[in-house]
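Please read the structure below before turning to the comments.
Just so it is clear, none of the values below were taken in a lab; they were calculated from the coordinates. This one's a predicted model, so the numbers in the text were calculated from it and none came from an experiment. Glycine also receives a Cβ, built like all others from the backbone with ideal geometry; neighbour counts cover every protein chain displayed.
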Amino acid sequence: MEQKVRSNRIKGVIFDLDGTLIDSLETYTRAFNQGIEAFGLKAISKEKLATFLSTAKGLEEILLEAFPDVFEDEELRRTCMEKIRKAYLELEKEGIPLLGDVKEVLFLLKKKGLKVGIVTARTTTGEMKWLELRRLGIADYIDSMVTGAEAARKPAPDSIVKCLAELGLSPEEVVFVGDARTDVIAAKRANVTAIAVSTGVANRESLLAEGPFTVVDSLSQLMNLIEEMNRKSAVE
């Protein structure tokens, strides 16, 4: 069921990271294929990997589903996962591009006085998670970041709930923006307005099927959308 307009003024935005703020799929595909190459396995396409990621499968689940005969062995599976993670960290040094007008959008959100959070399935914690954001050049715009190592991953609502607490905002005062079906599901379970963006692993039709408040094609549409929501809340 499609979400309805809330009467509360929007005071914060929580974003997914990969596919929403950054275009990491190419880098992740290269790292994944470098990892499985050591086991004599054929590379998989970016499109195939995107299909796995669109259903919020973690790395271990992807290996088990894509190559069950090889990675039923837990030791081999763990070894491959470590190779993929190390390859990703090395490739990440080459730089991962921000999507579209991300930095400008974050700047405008902060200029308007909104709080900004990130919820991601990545497993970094502490200083390491902020190092990732500094590499991307967006750390100064972010008030809270919750990773998959700190709360149950989406579609569970736990990470969004934790981020809300860190931002000091109620669910009614926040919108969540993500590129995957699980982002929409998690936001709705957390009682947060879900705005889907078709810049990542899921297409518009599959996002609409989960009943978000709306689907946008670019984050550049976000500011106007929030301002419209706040104008409506002011007259109710």
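In whole Hz, what ³J(HN,Hα) sequence does segment 188-196 give by Karplus (6.51, -1.76, 1.60; θ = phi - 60°), x for Gly and Pro?
Values, residue by residue: 5, 5, 8, 6, 10, 5, 9, 10, 8 Hz.
How about Lys188: which lysines have a C-alpha closer than 24 Å to its C-alpha, ignoring those fewer than 8 places off in the same chain?
Partners found: Lys4, Lys11, Lys57, Lys115, Lys154, Lys162, Lys232.
Once you have all Cα-Cα distances for segment 18-166, histogram them in 10 Å bins from zero and send the whole-percent values.
10, 37, 35, 14, 3, 0
Could you give me the ³J(HN,Hα) list for segment 132-138, computed from phi with Karplus coefficients 6.51, -1.76, 1.60 and θ = phi - 60°, whole Hz, x at Gly and Pro?
My calculation for segment 132-138 gives 4, 5, 5, 4, 7, x, 10 Hz in order.
Convert each backbone phi in segment 181-187 into a coupling constant with the Karplus relation 6.51 cos²θ - 1.76 cosθ + 1.60 (shift: θ = phi - 60°), then list the ³J(HN,Hα) values in order as whole Hz, x for Gly and Pro.
Per-residue couplings from phi come out as 4, 5, 5, 5, 4, 4, 4 Hz.
Would you work out the charge dipole size for segment 25-92 about its Cα centre, treating the Cβ of every Lys and Arg as +1 and the Cβ of every Asp and Glu as -1, and quote it to the nearest 20 debye? Walk me through the numbers on the way to the answer.
Numbers: 10 positive and 14 negative charges, 52 e Å.
Rounded to the nearest 20 debye, it is 260 debye.
Can you list which of the trypsin sites (Lys or Arg not before Pro) found in segment 25-75 are DSSP loop residues with at most 16 other C-beta atoms within 10 Å?
Taking segment 25-75 and a limit of 16 other Cβ atoms within 10 Å, the loop trypsin sites (Lys or Arg not before Pro) found are Lys42.
For the chain, what proportion of DSSP beta bridges, expressed in % and rounded to the nearest 5, is antiparallel?
5
Please get the size of the charge dipole for the chain, origin at its Cα centre, with Cβ charges of +1 on Lys and Arg and -1 on Asp and Glu, quoted in debye to the nearest 20.
680
Report, in deg cm²/dmol and to the nearest 500, the calculated mean residue ellipticity at 222 nm for the chain, where each DSSP H run with n ≥ 4 adds -39500 (n - 2.57) and the sum is divided by the residue count.
Taken over the chain, the calculation gives -14000 deg cm²/dmol.
Determine the relative contact order of the chain: mean sequence separation of Cα pairs under 8 Å and six or more apart, normalised by residue count, in whole percent.
Relative contact order comes out at 29 percent.
Please report how far the C-alpha centroid of segment 144-169 lies from that of segment 39-105, rounded to the nearest whole angstrom.
Cα centroid of segment 144-169 versus Cα centroid of segment 39-105: 23 Å apart.
Measure off 7 Å from each Cα along the Cα-to-Cβ vector at Glu60 and Lys42, then give the distance between these two points in nanometres to one decimal.
2.8
Using Cα pairs under 8 angstrom and six or more residues apart, how large is the relative contact order of segment 25-92, in percent?
50
Non-local amide H neighbours of Met145 (under 5 Å, H modeled in plane, Pro and chain starts lacking H): which ones?
Ile118
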